[in-house]
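Below is one structure, written out as structure tokens; the observations come after it.
Every number in this text was worked out from the coordinates using simple rules, so none of it is lab data. From a predicted model like this one, the values you see are computed outputs, not experimental measurements. We place every Cβ from the backbone using ideal geometry, glycine too, and count neighbours over all the protein chains shown.
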Amino acid sequence: MDKLLCILALNVEYDDNCSYRRILLISIILMATVFVFVLFSFVNAVFLHNYIVASLDAIAALVSIYAIYNLKKYNNVPLAAKLATFNLMFFFLTFIYLNGASHFSLIWTIFLPIFAILTNGKRIGLYFSILFYAVLFTMAYSAIEVWNNGTWLIQDWLRLVVASSMLTFVIYMNESALEASDIKLAEIRENEKAHLKELKSISITDQLTGLYNRRYYNEMLPKLISLAKRKEHYITFFILDIDFFKNYNDHYGHLKGDGTLIKVAHAIRDYIHRGDDFVFRLGGEEFAGVILSDDSNKTHKWISSLCEVIENLKIEHADSNISEYVTASIGVATISHEKNKDMDTLYHFADEALYLAKNGGRNRMNLSDQSA
């Protein structure tokens, strides 16, 4: 069924349910009108010898074929809808003019407002319907006691006016309700997307600092290792730990400690901001980063500057044994894409390097001797 609907919709692109419904309806009716007009043209020409009507049918069929071509090639749905509607209007009015009220020919007019409103939308479709009925009602009123040798009466005309108006009103209100529901549904879906995006953001970011959290760290590292192998780059992992942060919290309080964590996190994020680089908060005062590069030496020098960046924030730290400001120690490990080591091993190397940086006096970077 889905494949059939796709064929009937001529594989035209659409943005929402309302557009798809309209495209599908236009396509089906255009195909149907081509078949009907070709059939009527054949019947009128061969069996009824009514060549005028046969010619009109043929013209209507050609217009419908052109509308299908335009819809398929240019994806111009509004133009296809208008062409098809004008086509039907011209055909119906000409047909009624030639046939009068004989053989229930006026019954065909009920299709115009249905088609016009459903394919063009409630506003433009209503304009088409009003224009069509203005001409039709004038023709029908002028033909009272003329059509069918006078059997077309004022009562018949009133029935036509009332029934057509009521049908148009019902179709208009139905389309209004459908459009409103489609708009509401689209809004709900957009809100759901935004909500899901927000939930995803919350699930992968640290609420305090805004950096990626440990969960995202575990999710991204295998992907970054694979990316480094594809690009034939080095992958560098570092762990950054704020020096004497327990002393800082004891002296200034946890509230100010949280503010310091935020400032340090933002400084790391602003310093390491390339597309393939990621920084994380592992927990407490410990941060981590992953950097892909084709020159590991430049990367090491770049990371070592982070110590200076953090100290230059000039966040007062009265209980630090090495500086009057907040500082940080960094452990770094690097592997080339050729070495088959997992991230746990790299983490272990960086953690050992961090331990040596702390024992070596803090406020410095130490590179693991296992780095390549």
Which percent of Cα pairs goes in each bin when the distances of the chain are cut into 10 angstrom slices starting at zero?
5, 17, 17, 10, 7, 9, 11, 10, 8, 5, 1, 0
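Between their Cα atoms, which of LYS193/LYS231; LYS231/LYS358; LYS263/LYS358; LYS223/LYS256 are more than 28 Å away from each other? Show your work: numbers first, answer last.
Numbers: LYS193/LYS231 33 Å; LYS231/LYS358 33 Å; LYS263/LYS358 21 Å; LYS223/LYS256 36 Å.
Distance filter (> 28 Å) returns LYS193/LYS231; LYS231/LYS358; LYS223/LYS256.
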Between the residues ILE188, ALA81, VAL290, the Cα farthest towards the positive end of the dipole of the chain, that dipole coming from +1 and -1 charges on the beta-carbon of Lys, Arg, Asp and Glu, is from ALA81
Report the calculated FRET efficiency for LEU255 and SER323 (r = Cβ-Cβ distance, R0 = 22 Å), to the nearest 0.05.
0.50
Which distance in nm do the two modelled labels at ILE183 and ASN76 give, with both placed 7 Å along the Cα-to-Cβ direction?
2.7 nm
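Give me Rg/Rg_expected for the stretch 212-264, where Rg uses Cα atoms only and Rg_expected = 2.2 N^0.38 Å with N residues. Numbers along the way, then the final one.
Details: Rg = 16.5 Å, N = 53, 2.2 N^0.38 = 9.9 Å.
Its radius of gyration relative to the 2.2 N^0.38 Å reference: 1.66.
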Separation in nanometres of the label points that stand 7 Å from Cα toward Cβ, at HIS49 and VAL309
9.4 nm
Summed residue charge, Cβ within 12 Å of ARG214's Cβ, Lys/Arg positive, Asp/Glu negative:
-1
I need the phi-derived Karplus couplings for the stretch 287-303: 6.51 cos²θ - 1.76 cosθ + 1.60, θ = phi - 60°, integer Hz, Gly and Pro marked x.
10, 9, x, 10, 10, 9, 7, 9, 9, 5, 5, 5, 5, 5, 5, 5, 5
Dipole magnitude (debye, nearest 20) for the chain, charges at Cβ of Lys, Arg, Asp, Glu:
1020 debye
Note: ARG21 to LEU93 extended length (0.36 nm per residue) minus current alpha-carbon separation gives 23.2 nm
Sorted largest first, extent of the stretch 29-121 alpha carbons per principal axis (Å)
38, 24, 16
What are the extents of the Cα atoms of the stretch 81-159 along their three principal axes, listed from largest to smallest and rounded to whole Å?
39, 20, 16
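More than 17 Å apart: what percent of Cα pairs in the stretch 102-226 qualify? Could the numbers behind the result be given before it?
Values: 5495 of 7750 pairs.
Counting every Cα pair in the stretch 102-226, those more than 17 Å apart make up 71 percent.
Expected output is a single nm value to one decimal: the length gained when fully extending between VAL162 and TYR66, i.e. 0.36 nm times separation in residues minus the C-alpha distance. What is it? Please report the intermediate quantities before stating the final value.
Numbers: separation 96, 0.36 × 96 = 34.56 nm, distance 3.47 nm.
Extra length available between VAL162 and TYR66 comes to 31.1 nm.
Would you mind giving the three semi-axes, in whole Å and largest first, of the ellipsoid equivalent to the stretch 170-268 according to its Cα gyration tensor? Provide the component values of the computation, followed by the final result.
Numbers: eigenvalues 413, 119, 14 Å².
Sorted largest first and rounded, they come to 45, 24, 8 Å.
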When only Cα pairs under 8 Å and 6 or more residues apart are kept, what is the percent relative contact order across the chain?
11 percent
Quick check: pseudo-label points 7 Å beyond the Cα along Cα→Cβ at GLU192 and ARG214, how many nm apart are they?
3.4 nm
Using +1 on the beta carbon of Lys and Arg, -1 on that of Asp and Glu, and nothing else charged, what's the dipole of the stretch 145-192 about the Cα centre, debye to 20?
240 debye
